[in-house]
Amino acid sequence: MIQRLEVLEGAGVTHVPKGRKLPDTPPVAQPPSAVPEGGTVAGGTADGDTADGGCATRRADALAEVAREVSACTRCTELARARTQTVFGAGSPCARLVFCGEAPGADEDRIGQPFVGRAGQLLTDIIVKGMKMRREDVYILNILRCRPPGNRNPLPVEAAACREFLDRQLEIIQPDYICCLGSVAAQNLLDTTESIGRLRGRVHDYRGIPVVCTYHPAYLLRNPSAKRSVWEDVQMLMAEMEGGNDECRNSNDE
Ligand code: URA
């Protein structure tokens, strides 16, 4: 059992939902830099024999394929040259909620996972303490998959180069809601130049998916007084989400 868990962990499977069988084999063998990205949920057996009809496994496999492409991508040239590794995204392939940040920072570049530094801890608090959800049940990704030098803002050309991967990840996960963290995430995802102050407080649309925007956790670390606004945004998001169900959606029509 321990050995099997180690093999699964090496394939980016860090969480098996209660009541589901461990996959016999990892969904897809992945290079080390692609490890966390395919999605951290093992949705079932390798043949897709699960309560959700193999939906989680299929999505994890599809994400792992995109992650493999990302790990070899050099479209953002300067960033690709300087990166330690790509940071694809992490969480449940069946997440109802996706958080979208800006780009990996130094900690994320080193570890290969999104939001693992101080801002990441604050995001975890928002998810766990504020929303009463588990971090592994949402999905977290960024506009960019490579770290900009000195944590500068992504250039438009870099965001454009990475856009295909963002769209494909969201297409696979099919979340019910997206929460943009900060102006870079919101402006890029929604293709707008409006300020985050003007974007928050209402629901936007990305390809039919409702989008809520709030301040970036790193901004909150510098401006603790903005916590009240973020809490308002989170409450609005939770109110929108209420009444839905937690099933892996569309599991029968994939
Ligand atoms: N900030 C982001 O926008 N994304 C991360 O992954 C980490 C910090």
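Okay, here's what the table says:
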{"item": "Per-region count, the range 133-181, residues open to solvent by less than 10 Å² (accessible area, probe 1.4 Å) and within 19 Å of Leu221 (Cβ to Cβ)", "result": "6"}
{"item": "Contacts under 7 angstrom Cβ, first residue in the range 185-200 being under 17 Å from Gly101 (Cβ atoms) and polar (S, T, N, Q), partner open to solvent by less than 30 Å² (accessible area, probe 1.4 Å) and part of a helix (DSSP H, G or I), 6 or more apart", "result": "Asn188/Ala159"}
{"item": "Top-ranked residue in the range 106-132 [being in a helix (DSSP H, G or I), without any contact (Cβ under 8 Å) to a residue 40 or more places away in the chain and near the ligand (Cβ under 8 Å from one of its atoms); ranked as surrounded by the most Cβ atoms within 10 Å (Cβ to Cβ)]", "result": "Glu108"}
{"item": "Top-ranked residue of the range 91-105 - restricted to ones that are open to solvent by 10 Å² or more (accessible area, probe 1.4 Å) and either acidic (Asp, Glu) or in contact with a Leu (Cβ under 8 Å, 6 or more places away or on another chain) (or both), ranked as nearest to the ligand (Cβ to nearest atom)", "result": "Glu102"}
{"item": "Options Gly182, Gly208, Gly197, Gly201; residue that is within 16 Å of the ligand (Cβ to nearest atom), of a type outside the set (Lys, Arg) and modelled with pLDDT of 95 or more", "result": "Gly182"}
{"item": "Pairs where the first residue, in the range 74-98, is assigned to a helix (DSSP H, G or I) and the second is charged (D, E, K, R), C-beta under 7 Å, 6+ apart", "result": "Leu79/Arg147; Leu79/Glu158"}
{"item": "Any hit, the range 203-217, residues being in a helix (DSSP H, G or I) and either crowded, with 16+ Cβ neighbours inside 10 Å or charged (D, E, K, R) (or both)", "result": "yes"}
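The values are calculated or read from the model by the stated rules, or taken from the named source; none is laboratory data. From a predicted model like this one, the values you see are computed outputs, not experimental measurements. Methodologically, a virtual Cβ is constructed for each residue, glycine included, from the backbone with ideal geometry; neighbour enumeration extends over all protein chains shown. We work out accessible area using only protein heavy atoms, side chains counted, and drop any ligands, DNA or RNA first. Shrake-Rupley method; radii C 1.70, N 1.55, O 1.52, S 1.80 Å.
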